[in-house]
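One structure is given below, encoded as structure tokens.
The values are calculated or read from the model by the stated rules, or taken from the named source; none is laboratory data. Treat the numbers as computed from the prediction; the structure is a model and nothing was measured. A quick note on method: Cβ atoms are made from the backbone with ideal geometry, for glycine too, and the neighbour counts reach across all protein chains shown. For the accessible areas, the whole protein counts, side chains as well, though only heavy atoms, and no ligand, DNA or RNA atoms are used. Shrake-Rupley method; radii C 1.70, N 1.55, O 1.52, S 1.80 Å.
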Amino acid sequence: MKKHVTFFGLFALLALGSANAQEKANFGTDFQSIRNEMVAWDAVRGEWLAQSMEAMANKRPTPDRNFPEEYTPAEMFSAMPGTTQDKVRSHIQRSSTTSDSASRAQWARLSSFTNRTPDCKPVMGRTYGDPHLKSFDGATYSFQTVGEFTLARSASGNVNVQVRQRNQSDDFSLNTAVAMNVGGDRVCFYAHEKPDGNTTTPLRINGEPVYIDGSNYYLEHGGTITKSGRNDYVVTWPTGEKVKLDASSTGGMGFYNIAMEVYPCTESYDGILGNANGRTSDDFDVRNNMGGIASSNWNMGVFGSTNSRDQQLEKEYLAFLAKDFARQYRITPQESLFDYGFNQSTFAFTDESFPRVHRTLGDMNGDDFRRAQRECERRGFTGSDLSACIYDNGFLRIEPTPKPVLPNRTAGRQLEPVRTPAPNVNPGQKPYRERYPEHRSEEIPGGNTGNSGVPRDDKASGGSGTSRTVTDTEASKGAVKTPESAGTSGSSTNTSTRTTSKESSSSAPVETKPAEGVNPRVFNSGSSSTTNESVKTPEPVKEPEVKRPVPVYNKPVYKEPVKTEPVRTEPVRTQPIKTEPRYTPPPSKPVSTPTPRPASTPVSTPASTPSKPISTPGRRG
């Protein structure tokens with residue numbers, strides 16, 4: 001019975017693997033026409049974009065850039081002419097509905113950024129100061145909490161940003177760390193506490209400290225990190241979303257002002273920055289376990305009011321946000337993207353009892369209020385932004401934080417043809433084929449034919465030629481086999497490798513070998529022809545046979561080990577010899593000899609002086 005179960009299990013695995021391989025082949029075949037459109041636009045940039053989109057569809061690292069721009073795949077797509085974008089967009093939409101289930105998932109990953117028309121504008125959400133939040137739909141509120149939360153997360157999971165808030169005092173907290181999933185790369189920034197004790201850089205990529213020497217850093221899955229100033233960063237997703245971090249400090253604690261830009265026309269979002277559906281009324285809804293609304297938004301727009309009744313309502317609303325609303329977006333250890341120190345988790349940074357007291361503008365000293373108001377009005381703040389600025393500057397002396405403008409790197413930029421492709425990679429980084437040898441299949445030379453030394457893994461579709469992978473074994477032998485051509489007169493021959501076309505589709509494949517000392521290379525034609533032309537292949541040059549000595553194999557001789565029996569010896573018993581003790585007479589008592597005393601020196605006695613006679617006075621008459 002076990003043998004039958006094992007057999008059917010292996011058969012199922014083989015069938016599944018075969019089905020997956022077939023689905024990948026179907027996607028590659030359908031994608032070839034998109035590749036042709038991009039390469040026709042720009043041989044170098046278009047080829048890189050095609051390879052990057054294939055990698056994104058299969059959740060693989062993107063190839064190295066070999067052009068001077070620092071674009072992500074989404075930015076490069078937006079730099080193409082509008083007619084080319086429309087052709088690619090319509091092909092992706094058509095393929096996403098007619099392909100199999102696995103291919104539909106791949107096409108959906110591409111449509112997340114290719115379906116953005118010029119009418120699809122990004123929206124911005126912010127968390128800044130101590131901290132104040134402004135949702136994607138424009139709702140504003142104060143969020144005084146301590147813990148780690150989901151700031152914004154897309155339904156596809158491609159975009160996920162988490163924030164850590166630490167208490168600066170008993171009443172106020174700050175954004176001290178940010179973690180994000182950037183299309184498959186885990187990127188973290190730590191403004192205050194570093195998880196590994198390394199205080200020289202705030203950036204961690206996949207858990208490792210990273211120093212950005214220049215202005216740009218390229219992530220493995222197509223995203224970029226742009227550094228400006230000392231510790232200000234802009235993170236751009238391969239699909240075009242952006243996060244801007246402005247570093248600041250107050251009271252000896254570093255923190256980040258965070259601005260996030262997303263495209264709600266192609267993705268749905270959730271998090272403490274709202275759902276980006278264009279309505280402010282449901283940004284702060286609290287859902288129950290069944291997905292229904294447990295309590296809806298009852299913010300009456302009282303933030304920053306000077307009326308005592310409104311201030312009391314504001315405190316009650318702040319308590320609701322800090323407890324019920326915050327609880328549904330607190331992350332679990334399984335969801336966390338942060339790095340932690342020894343014996344730490346997200347629970348080490350959680351305090352649901354914070355804050356002890358909720359503060360409003362009515363609790364501020366009058367002098368501090370007027371000073372902060374003058375400073376914020378001088379900076380041009382109005383409305384709810386003015387109230388938030390007064391709150392931050394009046395309580396904590398935080399520098400006023402205006403709404404940032406995220407740069408558009410493609411606006412007004414002309415792309416010149418790349419004459420000589422050159423690698424545009426991070427300093428000291430190894431080439432792609434060395435970092436990911438398992439993804440290497442063939443290399444496309446530079447020039448007008450496409451990428452310079454960038455590995456590819458694609459399959460041709462239709463036409464008179466097909467592409468194939470050049471294995472290392474064939475390259476070492478110096479031979480490239482061209483597969484059988486199936487095209488007819490008038491078909492397109494824009495393929496990814498140089499192929500040989502025959503007049504008859506039933507002709508056998510031709511095996512060609514280059515001349516001695518010439519390495520075989522695969523080229524991208526990048527053009528289309530109207531007729532099939534037979535390509536003459538040069539006669540192979542026979543290489544002289546080199547007779548190699550046949551190694552002699554000596555069969556080892558095995559000897560049986562000799563077993564030796566141990567010799568046991570009886571111990572010899574010896575009788576102790578008893579000897580009579582010898583009598584030794586005691587030593588005689590020595591006779592003491594008196595020691596003569598030395599003669600004493602005579603003591604001289606002084607001569608006595610005769611005493612004087614005592615005269616007795618006589619009596620008078």
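A compact table of results
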quantity: Accessible area of the range 79-123 divided out per residue, in Å², using a probe of 1.4 angstrom; calculated: 49
quantity: The range 324-375, accessible surface, carbon-and-sulfur percent (1.4 angstrom probe); calculated: 45
quantity: Rounded to the nearest 20 debye, dipole of the range 340-435 from Cβ charges on Lys, Arg, Asp, Glu; calculated: 620
quantity: R0 of 30 Å, Cβ-Cβ distance D368-E193: FRET efficiency to nearest 0.05; calculated: 0.55
quantity: Å² per residue, accessible surface of the range 155-261 at 1.4 Å; calculated: 32
quantity: The range 31-155 - percent of accessible surface contributed by carbon and sulfur, probe 1.4 Å; calculated: 49
quantity: Sequence ranges 63-72, 316-325, 89-98, ranked by mean other-Cβ count within 10 angstrom, highest first; calculated: 63-72, 316-325, 89-98
quantity: Contour excess over end-to-end distance, with Cα ends at R327 and L415 and 0.36 nm allotted per residue; calculated: 26.8 nm
quantity: Cβ charges +1 (Lys, Arg) and -1 (Asp, Glu), total dipole of the range 106-180, debye; calculated: 380
quantity: Accessible area of the range 170-232 belonging to carbon and sulfur atoms, whole % at 1.4 Å probe; calculated: 40
quantity: Cβ-Cβ FRET estimate between R378 and K403, R0 fixed at 22 Å, reported to 0.05; calculated: 0.85
quantity: Using a Förster distance of 35 Å, the FRET efficiency for T350-V425 (Cβ separation, nearest 0.05); calculated: 0.30
quantity: Magnitude of the charge dipole, the range 93-142, Cβ model with Lys/Arg +1 and Asp/Glu -1, debye to 20; calculated: 160
